[in-house]
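Colleague: What follows is a single structure, and I will ask about it in a moment.
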Amino acid sequence: MNNETLESSILKWVNTFELKNPVKTIEELYDGVVFNEILNDINPVWFKAIQTNEGESDGNWVVIFNRLKKIYSLLSGYYAEELGQSVVEIESPNFNLISKNKDKREIVKFAQLILVLAVQSEKNREYIQKITSLNQANQQWIMISIEEIMDKLSKVNDPNEGIINEPSQNEVTIRLLKAERDELYEKKKELSNKLESVQRENVI
């Protein structure tokens, strides 16, 4: 997947949102402010912006720790009440490591939960289009991330595993995302072929 990684792909996904300030590194997400911005975009009623005073987070890991816990609590509640899913069995991000050490692995873990929530929300088509605007390598990493989390959510919430049912919301979301991606890929391929054809005609 070229030089792209899950970390770089998550970072690029984060920047598809209209943020107050673009994010340059994963570590910049550690204080939860950008996570709160994204969640407020997803559902401003459920995720009411957490008030932050200028400079209150500077060096104060306790403030950041409590903010992350609050965001995670709202996130878990949305999964449960709006999506009918539980994140309890999924290993939660380590708020200590994030707030004290800006741990990239734990920050990415937090971001993944927000990503999967976004593509299942009422504005999922808008967010899926944002994903398909990324390059192919980034899209692949994002897709892997979504499928990984959704697979865990399915296992947590499906006591009748093995029984054939209608496609779950998770499966529908993944199919929609893949369809959007494939459609854009075909359009890009078609345009590329037309361009090559025009270039050959000009040479002749």
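Colleague: Tally the residues that are surrounded by 19 or more Cβ atoms within 10 Å (Cβ to Cβ) and over 20 Å from LEU19 (Cβ atoms), restricting the search to region 110-140.
Modeller: Residues meeting the conditions: 2.
Colleague: Please go through region 7-33 and pick out each residue that is in a helix (DSSP H, G or I) and modelled with pLDDT of 95 or more.
Modeller: Hits for region 7-33 are GLU7, SER8, SER9, ILE10, LEU11, LYS12, TRP13, VAL14, ILE26, GLU27, GLU28, LEU29.
Colleague: Further question on the same structure: For TYR72, are the conditions met, namely being at pLDDT 90 or above, in contact with a Pro (Cβ under 9 Å, 6 or more places away or on another chain) and surrounded by 14 or more Cβ atoms within 10 Å (Cβ to Cβ)?
Modeller: So TYR72 fits the description; yes.
Colleague: How many residues does region 66-100 hold that are part of a helix (DSSP H, G or I) and not hydrophobic (A, V, I, L, M, F, W, C)?
Modeller: Looking only at that region, the number is 15.
Colleague: Considering only region 34-47, how many residues are assigned to a helix (DSSP H, G or I) and under 16 Å from PHE110 (Cα atoms)?
Modeller: 8
Colleague: Within the bounds of region 47-60, is there any residue that is at pLDDT below 95, charged (D, E, K, R) and surrounded by 17 or more Cβ atoms within 10 Å (Cβ to Cβ)?
Modeller: no
The values are calculated or read from the model by the stated rules, or taken from the named source; none is laboratory data. Note that the structure is a prediction, hence the values are computed from the model and not measured. Note that each Cβ is placed from the backbone with ideal geometry, even for glycine, and that neighbours are counted across all protein chains shown.
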